[in-house]
Amino acid sequence: MDPSGLDAPRRLSIAIDNRWGGGEMAVLDFGPPERPVDVIFAHANGFNAATYRSVLAPLSASLRIWAPDLRGHGRTTLPIRTHRRWDWRDHRDDLIALLDAVGGPPVVLSGHSMGGTSALLAAAERPERTASLVLFDPVIWSRATSLLFRLPVMRAGLYNNPLAKTARRRRSAFDSREQALAAYRGRGAFRGWPDAALTDYLSDGLLESEGGYALSATPEWEASNYAAQSHDPWRALRRYDGRTRILKAEIASTCHLATRASADGRRRVEVVPGARHLFPMTEPQVVRSALLDAAV
């Protein structure tokens, strides 16, 4: 289905005020406005909700979906702090605030990569607001690695892990979105992306600044998310006992859970054949099918 023929998502601003600082969370609202929200979908590190427009828009005929810009991304104005930031509890707490604000029945909580992990952490704290979890290649290290990353002695070292170092070197300013499109097309993480997805990313990933455009997720904030790994997704998995479906990439996955299904069928971990970490942008039908199965 071509998402360009569907209504554009509405833009909402949701007030968030928690211990990490208050402001407005930008949310793209897909689907009938009179319908209760079915799904909250959180994006990956360095991206924004608009990146997934062509993934989510075809579902708007059947579902209402809220896709927020996480703290430090897109058009969200929540303040960021990188000093002595060890984990993703800020993203967790922002999603909890969004769950509390959405009203209506419990929702399917979903997300990709960092967004998926943050959704898991939030569901463990608000199981009564979470109908089920659908996670796409969430960042879940092995048990041993996760434990190691939580040791205080490891925290400073993670600041200079390869992903964080690469993020800090990222070009942050462009003369135009067209210039950025030419720079990104077919390269690095964007290899294999359709132009529609790349254009959607740039629509909120580059915001006007003095003399041009700047990344809405700064290189330093993106690096901070790569370095802050002291949260505990394994504990969250133990605490949340609702229906959970995890789809992980076959190649270079960030999800180290074994492929399996629980005896009662309430928890499934599956591999998407041939997929890499950013498969929602290259294989959007996988995301749509999983969300429809969970929400309908």
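Read-outs: derived from the displayed coordinates by stated rules, not from any lab. What you are looking at is a predicted structure, and each value in this text was computed from that prediction instead of being measured. Using ideal geometry, Cβ is built from the backbone for each residue, glycine included, and neighbour counts are taken over all protein chains shown.
Only helices (runs of 4 or more DSSP H) wholly contained in region 109-167 count here; list those with 3 or more residues that are touching a residue at least 60 places away in the same chain (Cβ under 8 Å) and not basic (Lys, Arg). Spell out the reasoning first.
Values: elements: 114-125, 143-149, 152-158.
Ranges flagged: 114-125, 143-149.
Given the options ALA61, ALA57, ALA42, name the one that is touching a residue at least 40 places away in the same chain (Cβ under 8 Å) and under 18 Å from LEU121 (Cβ atoms). Full working, then the answer.
Values: ALA61 fails: under 18 Å from LEU121 (Cβ atoms); ALA57 fails: under 18 Å from LEU121 (Cβ atoms).
Going through ALA61, ALA57, ALA42 in turn, just one is touching a residue at least 40 places away in the same chain (Cβ under 8 Å) and under 18 Å from LEU121 (Cβ atoms): ALA42.
Which number in (1) part of a helix (DSSP H, G or I); (2) under 19 Å from VAL37 (Cα atoms); (3) under 13 Å from the mean Cα position of the chain (by Cα) marks the one condition that ALA97 misses?
ALA97 satisfies all of (1) part of a helix (DSSP H, G or I); (2) under 19 Å from VAL37 (Cα atoms); (3) under 13 Å from the mean Cα position of the chain (by Cα) except (3).
If we scan region 238-259, do we find a residue that is in contact with a helix residue (DSSP H, G or I) (Cβ under 7 Å, 6 or more places away or on another chain), surrounded by fewer than 20 Cβ atoms within 10 Å (Cβ to Cβ), assigned to a helix (DSSP H, G or I) and touching a residue at least 60 places away in the same chain (Cβ under 8 Å)?
yes
Can you find, within region 207-237, the residue that is surrounded by the most Cβ atoms within 10 Å (Cβ to Cβ) among those that are closer than 20 Å to ASN48 by Cα and of a type in the set (D, E, K, R)?
Filtering first and then ranking leaves GLU222.
Quick check: is even one residue across region 232-246 over 20 Å from SER146 (Cα atoms) and among the aromatic types (Phe, Trp, Tyr)?
no
Out of all the residues in region 39-71, which are in a loop (DSSP other than H, G, I, E, B) and buried (at least 24 other Cβ atoms within 10 Å of the Cβ)? Step through it out loud before you land on a result.
From region 39-71, those in a loop (DSSP other than H, G, I, E, B) are 43-48, 62-64, 69-71; that's our starting set.
Once the filter is applied, which keeps residues that are in a loop (DSSP other than H, G, I, E, B) and buried (at least 24 other Cβ atoms within 10 Å of the Cβ), region 39-71 yields HIS43, ALA44, ASN45, GLY46, PHE47, ASN48, ASP69, LEU70, ARG71.
Could you tell me how many of the residues in region 195-225 are closer than 17 Å to ALA26 by Cβ and either of a type in the set (Lys, Arg) or assigned to a helix (DSSP H, G or I) (or both)?
7
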